[in-house]
Amino acid sequence: MTLNTLPLSYCTNVHPGLTVAEILQKLDEFTLPIQEQLGTPLAAGLWLAQPVIEEILSTPDGIEGFAQEIQNRNLTCYTLNAFPYGNFHSERVKENVYLPDWSQPERLEYTKGCARVLAALLPEDVEGSISTVPLGFKKFEHAPDFSKVCIEQLIELATFLKQLKEETGRTIRLAIEPEPFCVIEFTHELIVFFERLYERAAEKQLLGTVREYLGACYDVCHQAVEFEDIPGSIRQITHAEIRINKIHISNAVELDRPGENAAGRELLAQYAEPRYLHQTIGSLQNGDLYRIVDLTRDFLLDPDSRLKETEKLR
């Protein structure tokens with residue numbers, strides 16, 4: 001596996017924006033100053049929520065106009081974050097960020113729209129990627145055929161991306177992003193799912209297309225929070241012949257021996273807030289994992305016996 005020479009992308013989902021005007025404003029306010037401070041080229045890893053994609057696609061010359069706005073700012077874009085579908089900055093996001101899931105047609109159509117827009121943003125001779133939700137949230141109740149429907153929709157997307165390449169000359173690949181407490185969170189779950197995906201694609205004589213256009217988004221923070229061995233995990237994925245189409249370089253907070261560190265727990269308690277999930281996993285002395293779907297103040301400030309036995313909390 002090799003890393004290409006493209007500049008790093010600054011992921012813009014950290015800033016709110018549900019209209020094209022708001023997206024451009026945030027680029028001017030944050031992305032351009034960051035590029036200036038770095039003194040090196042910086043790409044924009046755009047988050048374009050469904051309302052933004054709809055605005056671009058429904059406006060006459062909307063795609064061309066948006067692409068020109070990006071070019072006018074001397075920014076490049078070769079990847080989109082299509083994980084959050086709606087308002088990622090509403091008062092309460094939490095588990096709603098995983099909706100719609102990959103069994104729902106809205107997720108498929110939104111992702112197709114993202115690909116259409118990205119095709120116009122890509123520089124010449126550069127391949128693009130779109131990161132997406134790992135099927136859905138594991139804690140939700142899913143229909144018995146959930147995985148089967150997800151597979152069918154993903155195969156349809158792969159076929160669409162191949163057609164888009166034929167129409168535009170632009171190669172764009174989907175990157176499924178494992179995340180704690182999602183349907184796909186561990187490396188072995190990713191591999192098992194892709195085995196099923198490949199099996200079904202082969203039945204439909206579309207295995208080559210699926211292998212070419214579907215792969216993984218590897219978020220080093222997500223897998224580190226799971227206490228996975230990152231180099232070993234990547235080797236397993238590549239050995240399973242799953243493309244890594246995108247990598248997220250991010251980090252998480254780690255607290256050593258939290259049961260003995262009241263001050264550290266108090267600092268962590270600031271992350272117990274109403275907007276986002278803060279999946280938290282601890283490594284116990286016996287090697288087991290203590291898994292908390294969302295951080296709470298009670299969990300931290302009134303530690304139970306398992307937290308007192310935890311060696312590291314991430």
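Considering only residues that are part of a helix (DSSP H, G or I), β-branched (Val, Ile, Thr) and over 18 Å from the mean Cα position of the chain (by Cα), which ones fall in region 152-191? Working first, answer last.
Taking region 152-191 first, the residues part of a helix (DSSP H, G or I) are 152-168, 187-191.
Pick out the ones that are also β-branched (Val, Ile, Thr) and you get 155, 159, 168, 187, 191.
The answer is ILE155, THR159, THR168.
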Checklist outcome for this item: Expected single match for under 28 Å from PRO274 (Cβ atoms) and outside the structural domain of VAL293 (by TED's automatic domain parsing) among GLU64, GLU69, GLU22, GLU55 is GLU22
Next on the checklist: Of the conditions (1) without any contact (Cβ under 8 Å) to a residue 40 or more places away in the chain; (2) assigned to a helix (DSSP H, G or I), LEU27 satisfies every one except a single condition; which number is it?
Outcome noted: (1)
Checklist entry - Do we have any residue at all in region 110-133 that's small (Gly, Ala, Ser), in the same structural domain as ALA158 (by TED's automatic domain parsing) and surrounded by fewer than 17 Cβ atoms within 10 Å (Cβ to Cβ)? => result no
Checklist entry - Just one of the numbered conditions (1) more than 15 Å from the chain's Cα centre (by Cα); (2) buried (at least 18 other Cβ atoms within 10 Å of the Cβ); (3) in a helix (DSSP H, G or I) is not true of LEU32; which one? => result (2)
Next on the checklist: Can you report the number of residues in region 246-284 which are out of contact with any Ser or Thr (no Cβ under 8 Å at 6 or more places or on another chain), within 17 Å of GLU311 (Cβ to Cβ) and surrounded by 14 or more Cβ atoms within 10 Å (Cβ to Cβ)?
Outcome noted: 8
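If you take just the strands (runs of 3 or more DSSP E) that sit entirely in region 205-314, which of them hold at least 2 residues that are in the same structural domain as VAL97 (by TED's automatic domain parsing) and within 29 Å of LYS162 (Cβ to Cβ)? It would help to see each step written out before you state the result.
On the way: elements: 214-219, 243-248, 280-284, 289-292, 310-313.
Counting at least 2 such residues, we get 214-219, 243-248.
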Next on the checklist: Looking at the structure I just gave you, is GLY62 out of contact with any strand residue (DSSP E or B) (no Cβ under 9 Å at 6 or more places or on another chain), farther than 26 Å from LEU8 by Cα and buried (at least 16 other Cβ atoms within 10 Å of the Cβ)?
Outcome noted: yes
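The values are calculated or read from the model by the stated rules, or taken from the named source; none is laboratory data. None of the values given here were measured: they were computed from a predicted structure. Here Cβ is always computed from backbone atoms with ideal geometry, including for glycine, and neighbour counts include all displayed protein chains.
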